[in-house]
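A short reminder: the numbers here are calculations on the coordinates, not readings from a lab. Since we're looking at a predicted model, the values are computed, not measured. Cβ placement follows ideal geometry from the backbone for every residue including glycine, while neighbour counts extend to all protein chains displayed.
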Amino acid sequence: MTPVTAPFADVLTANAQYSASFVDDGRPGVAGKGLAVLTCMDSRISPLEMLGLEKGDAKILRNAGARVTDDVLRTLVLGTYLLGVERILVVAHTDCGMTKNTDADVHERVMAQGVDSRSIEFRTIADQRATLVNDVQRIRSWPFLPPRMPVAAGIYDVRTGLVSMVVEHDESTADAANAANAG
C-alpha cells in the first residue's frame, strides 16, 4: 500500500478502499455517447448524474465558470479527433462565483494575500447568458473542429437540478460559422 501523507490522507485512504474492490470493466477511453460537456468546477455539480449519463459516456471538461478557453478548445480538438466526441454541451450554473466578482475584485483579493495576479485573466462573467452565447460562438467558429459540430449551452440550476437551454444547436448558425471560417 502507498504511504499516506497528511494533507491527502483522507482521499488516499478512500482510494485504497476503492481500489481494493475495483474491477476494470474494459471500457475504452472514448466518449461512449459522443458527448463532451464543459461545465464549472463548482463542487455542487455532478456532470454525469445531472445529464443522466454513466462513466464512459462523455468527456467532462471543468474550469471556473465553464469558460471556453484556449485549453478547452485544444482539448475539444483532441476529444473530437481522438476520443469520439461528436457534440459539445456547455453548462454554466446558477449561483456561480464567477458571476459575483470582476477580474479586478479577484486581483484585489489575491493581492491581499501578497500575490500579484495581474498577469492572469480570470474571465469573470458580467452577463452569464451573453457569455454563453459568445463562448458557443467561439467553439462554432474554431477552425480545427468539424463543420456542423452540434454545440449548445445551458444553465444548470443548483437548487432544482434543471438545465435550461440558452443556446440550442442551430444548423443555420453552424453553417454561417463554417462559411465565415472558409472565407
Notebook entry, point to check: Filter region 104-150 for residues that are surrounded by fewer than 16 Cβ atoms within 10 Å (Cβ to Cβ) and among the acidic types (Asp, Glu); which is nearest to Gly161 (Cα to Cα)?
Noted result: Asp127
Check: With respect to the numbered conditions (1) more than 26 Å from Arg138 (Cα to Cα); (2) of a type in the set (Gly, Ala, Ser); (3) surrounded by 15 or more Cβ atoms within 10 Å (Cβ to Cβ), which one is the sole condition not fulfilled by Gly26?
Finding: (3)
Notebook entry, point to check: If you scan region 81-103, which residues turn out to be buried (at least 21 other Cβ atoms within 10 Å of the Cβ) and farther than 17 Å from Gly154 by Cα?
Noted result: Val85
Checklist line | Selection status of Gly84, in contact (Cβ under 8 Å) with a residue 24 or more places away in the chain and of a type in the set (Gly, Ala, Ser) | finding: yes
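Return the only residue of Lys33, Lys59, Lys55 being touching a helix residue (DSSP H, G or I) at 6+ places or on another chain (Cβ under 6 Å) and among the charged types (D, E, K, R).
Working: Lys33 fails: touching a helix residue (DSSP H, G or I) at 6+ places or on another chain (Cβ under 6 Å); Lys55 fails: touching a helix residue (DSSP H, G or I) at 6+ places or on another chain (Cβ under 6 Å).
After applying the criteria, what remains is Lys59.
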Note to self: Any residue in region 151-162 that is touching a residue at least 24 places away in the same chain (Cβ under 8 Å) sitting within a Cβ distance under 7 Å of a residue that is part of a loop (DSSP other than H, G, I, E, B) and hydrophobic (A, V, I, L, M, F, W, C)? List the pairs, counting only those 6 or more apart or interchain.
What the structure shows: Tyr156/Ile45
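Just checking, which of Leu12, Leu78 is of a type in the set (A, V, I, L, M), surrounded by 11 or more Cβ atoms within 10 Å (Cβ to Cβ) and under 23 Å from Trp142 (Cβ atoms)? Don't jump to the end; show me each part of the working.
Values: Leu12 fails: under 23 Å from Trp142 (Cβ atoms).
The conditions single out Leu78.
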